[in-house]
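Engineer: Before I ask anything, let me first share the structure, which is written out below as structure tokens.
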Amino acid sequence: MNNHNRPRATGVTKFASIYTKLFQGLSPSQISPQLSIDRFWSDLLDLKVDSHFLKAELHKLPKDVCFGHLKYTLSSLFKACLYHSKTAKYNDPKKSNSLVTLRIFTASIFEKNLSGWEVMEIFAGSVAQSDAHFSEFTATLDSLIGDSNSPAETRHKALQLALTFVCGVSQLSPGAYFLRRDFFPAIIEIVRDPLTEQFTFEAVSFITVLANYHKSDAAKLNPYLKQIAEAVDGEFMRKICWASNYIMESSIQAYQRVVNDVPAVAASSLSATLGASWGAVMTRLRPEAIVSLVYQESPKEKFKDLPTHSTVVLLTIYEFMRRNPLFISVVLEDLVSPIDKPLTSSPLPCNIISVTSYLCSHASSGPSPRSVAYANLSLNILLVLVESSLVMEFITQTVSPSIQICRQKPPSLPLSPAQQPIICSVLDCCVLWLRHNLHKRLEIQPYMSSLWIIYRIIWFLQHRRIRLQYDWLHTWQALLGLLNFIASRMDELYTSGGASLVVFEAISVLELALTRSEVFIPTPWAIHQFIYELVRSSSVLKQQAPLLESLRLPSSGQFLVAKDNISRIVDIVSYYEVKVQESGGNVAAAKDVLKVIADDIESNGVHGAKDTPIPTPPTRSEDVLDFGRFAVVDILATVL
């Protein structure tokens, strides 16, 4: 009987035996009466951690048990781990084991959907003790992460623990303890250190999560938003860009492995590019977090798990890019590198644009709002870019190797020229969103962002009198298709109020493009095509005025502007309709209609065009407030 009860005879390790008894409700003094309480925890933390077993046992514990008779045991475990992670020497296994145990403990406890005060009770033993213990917790993590004399493995484990906690706590009140502690110097140190630079993704994800804590109601009070805005360490920012770029390329590859849409010329160089530097960054992440591949399911099912979890680095890019002008300059560095400087991969701006094209094409492929949230975030990054005059000067006139634009959903965009201004691919992303996301539940914010991007680009081109060599036809068709969809389906849309804003902005884009077409559209033929598309869609355009009346909001200045804009567009279109009717030609033949339009424009210019200066559009980019809930889930998936 005694032999049967021995752990070795049953194959149960000492580690498993002790934790089993603890979680059955036995106290340390009952398990090892010959040991003091401190010695019990010290000896337990000397044992190698069986991560799989500990996760499974903690997962089994119901919430009421954790908050009930096991609360003292769990809080004692937390305090013991905290003590030894702080005081044990670096070569003492208790230090490493304590950090690993705390990470598993933290992740498992947060799975139980606790409130803020319940977290304090379980971790600290009581709300009254929480301030002391959580302050010590954050101070210990800060010290370990930022200690350049600490082994890289120890710093990484401390970073993973910190990241696990802030992702798990999300917006609950204990997260505020991390805002009281300035982790920014420690994060810069771990990113800049050659021995720990491979942990850059996790390090900057930690800062990003903290920057999004209670963002909607305390943005001006969040110290991490201020730190991001005021950061001046260019090398730190270059490391962020370097790590982000590798993740962007891996994200693109994940889509392309599902459906290979890589042009033959580019395919041969892609694999070599992805094998370049920063492979170590990705080896820190779980493989399935980098590339998730599905092959057999229906078209939508193929993409339901994309984008990859690590694509969440877009949120870091957005937070830095929106707030810090220096970061934008660093992002642009590869675009202005000397011609003789070889690039081992596409520049980060190009890969961001490429990822955005896939996100916009497949936003509606998944059953959850996650894919739409990613598309919205990526479009907001592009909006920040086009609202920067510095960026626009470069990307409207600087050519780059062809950017990989998604061509996985019909109708696909034509192949881009081998060399073209980068801004052309930004427009492609907007067209892909406009084309592939027309549903009854209209996603208002991504539509607004796409329209603001197009408007801002056209405004800049006409302001600088740049004739962009771009196939604008797809843009006009996408805009007119959007207006037609809303006008014909308004009664079926779930978001009719928001749809009115989309109509206002789409009309604004068309009015600007039409009245300034001779300044930015590259060729007379392209102008003729534009006018022809408007004439061909005259019935759709004429539906917009009554639609606006039905959507009118009391004292809406936007309504009055939109009403004037659509009136101006319809007047111009009607002018050309009359010209076509008066020509006596075959009004059903596209070539005859085009000829009439072309002849009139060649003789008289575009009817209704204006040359008065147009004010600089207002800045539309703003905080993305709803992405944090997706970010914490995806970040945890990459590190647990």
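Readers should treat all values here as calculations from the given coordinates under stated rules, not as data from a laboratory. Worth saying up front: this structure is predicted, and the values here are computed from it rather than measured. Glycine gets a Cβ as well: all are built from the backbone with ideal geometry, and neighbour counts include every protein chain shown.
Engineer: Of 572, 557, 360, which is farthest along the charge dipole of the chain in the positive direction, counting Lys and Arg as +1 and Asp and Glu as -1 at C-beta?
Structural biologist: 360
Engineer: If packing is taken as the average number of other Cβ atoms within 10 Å across a peptide's residues, how do 541-548, 75-82, 149-156 rank, most packed first?
Structural biologist: Ranked by mean Cβ neighbours within 10 Å, highest first: 75-82, 541-548, 149-156.
Engineer: Considering the options 448, 315, 391, tell which one lies farthest towards the positive end of the dipole of the chain, charges being +1 on Lys and Arg and -1 on Asp and Glu at the Cβ, about the Cα centre.
Structural biologist: Working it through, the farthest residue towards the positive pole turns out to be 315.
Engineer: Here's another thing I want to ask about it. Hey, which lysines would be in cross-link range of residue 86, C-alpha to C-alpha under 25 Å, not counting anything within fewer than 8 residues on its own chain?
Structural biologist: 14, 48, 55, 71, 94, 95, 157
Engineer: Quick one: which residues, 5 or more positions from residue 400 or on another chain, have an amide H under 5 Å from its amide H? H modelled 1.01 Å from N in the peptide plane, none for Pro or chain starts.
Structural biologist: Amide H to amide H, under 5 Å and 5 or more residues apart or across chains, residue 400 pairs with 420, 422.
Engineer: Looking at the chain, do any whole DSSP H helices span at least 27 angstrom along their long axis by alpha carbon and average 0.0 or above on Kyte-Doolittle, and which?
Structural biologist: Span-like helices here: 127-146, 444-464, 496-515, 557-583.
Engineer: Quick one: if you take sqrt(5λ) for each eigenvalue of the C-alpha gyration tensor of the range 1-157, what semi-axes come out, biggest first, whole angstrom?
Structural biologist: The equivalent ellipsoid of the range 1-157 has semi-axes of 25, 21, 14 Å.
Engineer: Would the range 493-640 count as rounded, prolate or oblate if I go by the C-alpha gyration tensor, calling it rounded below 1.5 in a/c and otherwise prolate when a/b exceeds b/c, oblate otherwise?
Structural biologist: Prolate shape, in that a/c is at least 1.5 and a/b is the bigger ratio.
Engineer: Treating only the Cβ of Lys, Arg, Asp and Glu as charged (+1, +1, -1, -1), what charge dipole size does the range 2-157 show about its Cα centre? Round to the nearest 20 debye.
Structural biologist: 540
Engineer: Give me Rg over Rh for the chain, both radii from the alpha carbons and Rh done the Kirkwood way, two decimal places. List each step's numbers first, then the result.
Structural biologist: Numbers: Rg = 29.2 Å, Rh = 27.5 Å.
Rg/Rh: 1.06.
Engineer: At 0.36 nm per residue, minus the direct Cα-Cα distance, what do residue 523 and residue 578 gain on full extension? Give it in nm, one decimal, please.
Structural biologist: Roughly 17.4 nm would be gained on extension.
Engineer: Pairs of alpha-carbon atoms within less than 8 angstrom and 6+ residues apart define the contacts here; what relative contact order does the chain have, in percent?
Structural biologist: That works out to 10 percent.
Engineer: Would you mind getting me the FRET efficiency between residue 261 and residue 301? Use the beta-carbon distance for r and R0 = 22 Å, nearest 0.05.
Structural biologist: 0.80
Engineer: Helix-only estimate, please: 222 nm mean residue ellipticity of the chain, summing -39500 (n - 2.57) across DSSP H runs of length 4 or more and dividing by its residues, to the nearest 500.
Structural biologist: The per-residue figure over the chain is -20500 deg cm²/dmol.
Engineer: Hey, another quick one. Taking Cα centroids, how far is the range 576-617 from the range 196-243 in Å?
Structural biologist: Here the answer is 52 Å between Cα centres.
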